[in-house]
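**Q** Please read through the structure below; I'll follow up with questions.
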Amino acid sequence: ISKAQLDALEANCKEFGIELVDMFNENNGIVHMVGPEQGLTQPGKTVVCGDSHTATHGAFGAIAFGIGTSEVEHVLATQTIWQKKPKTMGIEITGKLQKGVYAKDIILAFLKENGVSVGVSSAIEFYGDTVKDMDMEERMTLCNMAIEGGAKVGMVAPDEKTFEYIKNTKYGESENFKSDVEKWKTYFTDDESCFDRIITMDVSN
């Protein structure tokens with residue numbers, strides 16, 4: 001049955017001109033790593049996948065969330081998706097991390113303090129000086145785990161670290177890269193007053 005599914009996937013991708021990275025392709029791997037590493041995940045994109053941890057891609061300033069199997073079919077067929085607008089939550093993280101403390105520790109501490117349903121029906125944006133200091137992998141960890149707090153989306157505004165990461169990827173280094181960066185620089189939250197709820201967290205201790 002599984003082989004029949006894979007054969008059907010290959011045949012359908014050929015028929016409809018969809019690039020398939022199958023199990024024999026050197027670029028295959030876990031979708032939430034391959035997308036960023038190949039430069040397919042970029043600011044401003046809407047990224048959907050049949051997995052709840054699709055929120056990982058939000059680290060690049062994308063709106064990314066998991067969807068169901070029938071929705072995957074709908075997206076492939078129409079390039080559109082019906083969604084209810086989520087509430088917005090800002091999580092401001094400040095303070096210098098002590099040695100041996102990492103992004104995973106931050107999000108686990110946040111969930112311990114605020115509960116695993118804190119972000120239900122919400123899109124979360126992580127910001128603050130601690131987040132600015134993080135590399136892209138650490139930001140991806142934060143966004144990946146937003147789903148564990150019930151959120152639909154976890155994201156970080158794109159900045160120079162984001163652009164540098166994308167620049168050195170297969171699909172990121174396009175002839176339009178400079179103009180894309182200028183556009184991406186405008187993708188940030190205007191001010192905190194637009195959030196429905198704000199939670200602050202000092203991680204220095």
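The values are calculated or read from the model by the stated rules, or taken from the named source; none is laboratory data. From a predicted model like this one, the values you see are computed outputs, not experimental measurements. Every residue, glycine among them, receives a Cβ derived from its backbone with ideal geometry; neighbour counts consider all protein chains shown. Each accessible area value is taken on the protein alone, full model and side chains, heavy atoms only, with ligands, DNA and RNA left out. Shrake-Rupley method; radii C 1.70, N 1.55, O 1.52, S 1.80 Å.
**Q** Let me confirm something: among 113, 125, which residue is open to solvent by 80 Å² or more (accessible area, probe 1.4 Å) and at pLDDT 95 or above?
**A** Values: 125 fails: open to solvent by 80 Å² or more (accessible area, probe 1.4 Å).
Answer to the selection: 113.
**Q** Under 6 Å between Cβ atoms, at least 6 apart or on separate chains: pull out the pairs that start in segment 179-190 with a residue that is in contact (Cβ under 8 Å) with a residue 12 or more places away in the chain and end on any residue that is in a helix (DSSP H, G or I).
**A** Here the result reads 181/163, each pair linking segment 179-190 to a residue that is in a helix (DSSP H, G or I).
**Q** Further question on the same structure: Could we say that residue 107 is in a helix (DSSP H, G or I), more than 26 Å from residue 168 (Cβ to Cβ) and open to solvent by less than 10 Å² (accessible area, probe 1.4 Å) here?
**A** Numbers: in a helix (DSSP H, G or I): yes; more than 26 Å from residue 168 (Cβ to Cβ): yes; open to solvent by less than 10 Å² (accessible area, probe 1.4 Å): yes.
The answer is yes for residue 107.
**Q** While we're on this one: Only one of these conditions is not met by residue 188: (1) modelled with pLDDT under 95; (2) open to solvent by less than 80 Å² (accessible area, probe 1.4 Å). Which number is it?
**A** Among (1) modelled with pLDDT under 95; (2) open to solvent by less than 80 Å² (accessible area, probe 1.4 Å), residue 188 violates only (2).
**Q** Could you check segment 146-181 and list, in sequence order, the residues that are assigned to a helix (DSSP H, G or I), open to solvent by less than 20 Å² (accessible area, probe 1.4 Å), aliphatic (A, V, I, L, M) and closer than 25 Å to residue 84 by Cβ? Break it down stepwise before answering.
**A** Narrowing segment 146-181 to residues assigned to a helix (DSSP H, G or I): 146-149, 160-167, 177-181.
Filter once more, keeping what is open to solvent by less than 20 Å² (accessible area, probe 1.4 Å): 146, 149, 162-163, 166, 181.
Okay, now just the ones that are also aliphatic (A, V, I, L, M), so 146, 166, 181.
Within segment 146-181, just 146 meets the criteria.
**Q** Sticking with this one: Return only the number of the condition from (1) farther than 30 Å from residue 21 by Cα; (2) open to solvent by 50 Å² or more (accessible area, probe 1.4 Å) that residue 119 does not satisfy.
**A** Going through the list (1) farther than 30 Å from residue 21 by Cα; (2) open to solvent by 50 Å² or more (accessible area, probe 1.4 Å), residue 119 breaks only (2).
**Q** Kindly provide the set of residues from segment 61-84 that are assigned to a helix (DSSP H, G or I) and under 29 Å from residue 136 (Cβ atoms), ordered by number.
**A** Going residue by residue through segment 61-84, those that are assigned to a helix (DSSP H, G or I) are 69-78.
Correct list: 71, 72, 75, 76.
The rows are residues; the columns are (1) closer than 25 Å to residue 47 by Cα; (2) over 17 Å from the mean Cα position of the chain (by Cα); (3) in contact (Cβ under 8 Å) with a residue 60 or more places away in the chain; (4) in a helix (DSSP H, G or I).
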{"position": "100", "(1), (2), (3), (4)": "no, yes, no, no"}
{"position": "113", "(1), (2), (3), (4)": "no, yes, yes, yes"}
{"position": "123", "(1), (2), (3), (4)": "yes, no, yes, no"}
{"position": "139", "(1), (2), (3), (4)": "yes, no, yes, yes"}
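**Q** Say we look at segment 14-59 and pick out the residues that are among the charged types (D, E, K, R) and open to solvent by less than 70 Å² (accessible area, probe 1.4 Å); which of these is nearest to residue 144 (Cα to Cα)? Break it down into steps so the answer makes sense when it comes.
**A** Initial filter on segment 14-59 (among the charged types (D, E, K, R)): 14-15, 19, 22, 26, 37, 45, 51.
Retained after the next criterion (residues that are open to solvent by less than 70 Å² (accessible area, probe 1.4 Å)): 22, 51.
Details: 22: 24, 51: 11 Å.
Residue satisfying both the conditions and the ranking: 51.
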